[in-house]
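Taken together, the values in this text are just the output of simple stated rules run on the coordinates, not laboratory data. Since we're looking at a predicted model, the values are computed, not measured. We place every Cβ from the backbone using ideal geometry, glycine too, and count neighbours over all the protein chains shown.
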Amino acid sequence: MAIIQANFTSDALMRMVTIQVILPVEKQAGLEAAARKPLPTLYLLHGVTGNCTDWLTRTNILRWAEAKDLAVVMPSGENGFYVDHPGSHRNYGRFIGRELVEMTRTMFPLSRRREDTFIAGLSMGGYGAIRGGLKYHDVFSCAAGLSSAIVVDGIEKRTNDTAYFLNRRDFAESIFGDLSRVKDSDNDPRWLAKQLRETGGAAPRLYLACGRDDPLLPGSQKLRDDLRALGLDVTYEEGPGSHEWDFWDRYIRRVIDWLPLDRTGD
């Protein structure tokens, strides 16, 4: 198993970016060149105030990936909720859904098949993974959100009557712009799901999980119900725990077990 830190210039973000990559290379190295297969890949997103090292330092993702011969790519999304901010060249959505996938496929022996390409995340990254999986449904065949922060629900009603930046209207406006226009836009996972149903696009399989003591639990339950009502394939689980790394460590293993890794190919 190799742990690699890579740096490259992003056109979507207009700056140098850093990513962490887990590559299960030992078994591949022991095979003849003709027998080696491109690796299935999970693009794994962190939450608010985190960075590309979070999953490596706070969970057993290295063990879970090694057991399944799964490559894992972990970018930094700052606090940008993995959406695009064209006016400031902070296009995190395009970076994750297009540029990062293509760049890492060029750098490493990763599969180019949609069937082998997955996205997941926690909290802010859970929203980013579900939104990204639906928007870039031609890239990702599976998307998983743990304790997903579906902040677009009721976002137009926010005020600045709170000290915590994440709940403030001015912070939300810095991410999403005009809050009255977030609903029924491509920053709204439900709207993206509706578009897929109407156009006949191939929707990704979805996985949602949340702790029973997590304040974000009602949002996860509502998103589950809404997406299932639209006909999407949604696996949903709840378990003991709150908005915490012990929960995310347990459930990222369940995500990896849920992925269709036994059906990968060339």
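The label point for Glu156 and the one for Ser185, both projected 7 Å from the Cα toward the Cβ, are 1.2 nm apart. Using the average count of surrounding beta-carbon atoms within 10 Å as a protection proxy, the listed peptides 216-222, 45-51 rank, highest first, as 45-51, 216-222. Only helices enter the 222 nm calculation for the chain: every DSSP H run of n ≥ 4 contributes -39,500 (n - 2.57), and dividing by all residues gives -9000 deg cm²/dmol, rounded to 500.
Distance between the modelled labels on Arg58 and Ala163, one decimal in nanometres: 2.2 nm (7 Å Cα→Cβ projection). Each of the peptides 252-258, 230-236, 71-77, 129-135 was scored by the mean count of other Cβ atoms within 10 Å over its residues; in descending order, highest first, they stand as 129-135, 71-77, 252-258, 230-236. Sorting the segments 8-20, 94-106 by their residues' average number of neighbouring beta-carbon atoms within 10 angstrom, most packed first, yields 94-106, 8-20.
About its Cα centre, the range 2-263 has a charge dipole of approximately 400 debye under the convention of +1 per Lys or Arg Cβ and -1 per Asp or Glu Cβ, with nothing else charged. Computed from the C-beta positions of Arg112 and Arg228 and an R0 of 45 Å, the FRET efficiency is 0.90 to the nearest 0.05. You can think of it this way: the chain between Glu78 and Val25 has 16.2 nm of extra reach, that is 0.36 nm per residue less the Cα-Cα gap.
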